[in-house]
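Worksheet: the structure to be examined is printed underneath.
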Amino acid sequence: MKAIHSSQRQVQLQKFKKIFEDQKATLLHPQQVHSQDLTLGSDALSDELDLSSMEREQNLTLKLRSREALFTKKIDSALAKISAGTFGICECCDEEIEFSRLEARPTAELCIVCKEKEEALEHRVLSTEQNKKQILRLA
């Protein structure tokens with residue numbers, strides 16, 4: 001029974017490896033276009049409205065590139081974990097992350113229980129910070 005479980009896990013790992021490699025190739029492929037997206041032509045600067053529109057477009061493009069860079073790092077981390085045999089293991093409790101969670105969010109580093117605890121803690125910290133700001137405004 002253990003061998004079947006192991007072979008199923010290998011199939012799952014190969015599936016995720018292919019997903020990550022495909023996603024990474026998609027993110028890295030249009031690099032030439034990315035640098036062109038960030039340059040302003042002299043025609044684009046004809047009036048303030050055009051300039052404002054181009055700046056907004058550049059800001060959105062930069063945010064998108066930043067998100068893509070972060071996602072690429074997560075993909076690289078997941079691929080490294082697959083190679084090391086630690087993919088799908090919760091970084092907090094060292095238990096296996098449920099397959100359904102990995103299917104929904106392949107770059108998940110925490111099992112659902114640990115992720116819920118982390119989010120609850122973040123919510124408490126955020127609430128505490130907001131309360132402090134409100135108290136300071138009243139003082």
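Points worth noting:
- Glu57-Cys93 pseudo-label distance in nm [points 7 Å out on the Cα-to-Cβ vector]: 4.9 nm
- Dipole of region 90-139, positive end: most advanced residue of Thr128, Ile112, Cys90 [Cβ charges, Cα centre]: Thr128
- Pairwise FRET efficiency - Asp76 versus Asn131, Cβ, R0 = 41 Å, nearest 0.05: 0.60
- Violating pairs (Cα-Cα greater than 31 angstrom) within the set Lys15/Lys115; Lys17/Lys63; Lys81/Lys133; Lys73/Lys133: Lys81/Lys133; Lys73/Lys133
- Nearest-0.05 FRET efficiency for Leu49 and His29, computed from C-beta distance (R0 30 Å): 0.35
- Our summary gives region 90-139 a relative contact order of 29 percent, counting only alpha carbon pairs under 8 angstrom and 6 or more residues apart.
Where a number appears in this text, it was derived from the coordinates with a stated rule and is not lab data. Predicted model only: the values in this text are computed from it and were never measured. In this analysis, Cβ positions are derived from the backbone assuming ideal geometry, glycine residues included, and neighbour counts consider all displayed protein chains.
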